[in-house]
1. Got a sec? Which helices (runs of 4 or more DSSP H) wholly within the range 166-258 have at least 1 residues that are touching a residue at least 24 places away in the same chain (Cβ under 8 Å), more than 17 Å from the chain's Cα centre (by Cα) and over 26 Å from residue 155 (Cβ atoms)?
2. With the structure loaded, tell me whether residue 281 is within 24 Å of residue 168 (Cα to Cα), out of contact with any strand residue (DSSP E or B) (no Cβ under 7 Å at 6 or more places or on another chain) and surrounded by 18 or more Cβ atoms within 10 Å (Cβ to Cβ) or whether it fails that test.
3. When only residues in the range 259-278 that are in contact (Cβ under 8 Å) with a residue 60 or more places away in the chain and in a helix (DSSP H, G or I) count, which is surrounded by the fewest Cβ atoms within 10 Å (Cβ to Cβ)?
């Protein structure tokens, strides 16, 4: 029996040694200074970036929060015990404190707050994703065109950008929503319209530094059009800086959407939007604190997660921030 145990232990040690050897071989292949293919070079670059990112514990914590938001939004129907819009018995289930039956309590319409928070993650993720998808291409287009052509085109585009930057984002979003009308779709459009100017400024600054580079001049001498140069050679070099700024701005996007919802100009009842939930619960803040506090904490945690993730990405991708 003892001999069999010793044999099993020896076999386990051999297996661990082989696994460690394979891992070390892969690591050496990824970190090679002389990659033999583009695939090896790209995988090595990704591995170095990921390893540098993992060294920042706060950034990893922010990534965990964001991934938790994504998972919560994806599996909201499974995680939520009840409907987020249909309440229970108003006589017995209204404004109940947190308990085993209702983890976060209930609101003034006897709706389970945990279910509303979980389903509200979908709205938050929808707002962040759509604003990023709308505002980022606009900012990249305006910034790269202005930086590449310069002259009157640059002056005109940058003056329009300055006009948008002259107003606080929430005030400008309020003006657009007031003109378009309340609703989650109009709120997303208004936030996207007010979010693109910083991306344009970053893209313009990056374009100014590379538009006269040798490889850009070589492509231009080969007869490439301005559109091809901007789209194929300048935009890819600007994406990393813009993505960092977009990630950092996502917390502001969430707060702006929550502010519009708080004022009744964003998602309309009975949609479980966190800002609107805070607005409806502020009337009961003294006696039933959980109605407004729980969605406020959700806004705070998600905003913190995006800020930490954005700081980590900036430290990894921004050469100026690297020591």
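1. On the way: elements: 169-180, 184-210, 214-221, 226-229.
Once the helices (runs of 4 or more DSSP H) in the range 166-258 are filtered for at least 1 residues that are touching a residue at least 24 places away in the same chain (Cβ under 8 Å), more than 17 Å from the chain's Cα centre (by Cα) and over 26 Å from residue 155 (Cβ atoms), what remains is 169-180, 184-210.
2. Working: within 24 Å of residue 168 (Cα to Cα): no; out of contact with any strand residue (DSSP E or B) (no Cβ under 7 Å at 6 or more places or on another chain): yes; surrounded by 18 or more Cβ atoms within 10 Å (Cβ to Cβ): yes.
So residue 281 does not fit the description; no.
3. Going through the range 259-278, the residues in contact (Cβ under 8 Å) with a residue 60 or more places away in the chain turn out to be 259-261, 263-268, 270-274, 277.
Remaining after also requiring in a helix (DSSP H, G or I): 259-261, 274, 277.
Details: 259: 21, 260: 29, 261: 30, 274: 27, 277: 29.
Of everything passing the filter in the range 259-278, 259 is surrounded by the fewest Cβ atoms within 10 Å (Cβ to Cβ).
Yes/no per residue for (1) crowded, with 17+ Cβ neighbours inside 10 Å; (2) more than 29 Å from residue 243 (Cβ to Cβ); (3) modelled with pLDDT of 90 or more; (4) touching a helix residue (DSSP H, G or I) at 6+ places or on another chain (Cβ under 9 Å):
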position	(1), (2), (3), (4)
114	yes, yes, yes, yes
123	yes, no, yes, yes
144	yes, no, yes, yes
151	no, no, no, no
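The values are calculated or read from the model by the stated rules, or taken from the named source; none is laboratory data. Bear in mind that the values here come from a model prediction, so they are computed numbers and not experimental data. So basically every Cβ, Gly included, is an ideal-geometry build from the backbone, and we count neighbours across all protein chains shown.
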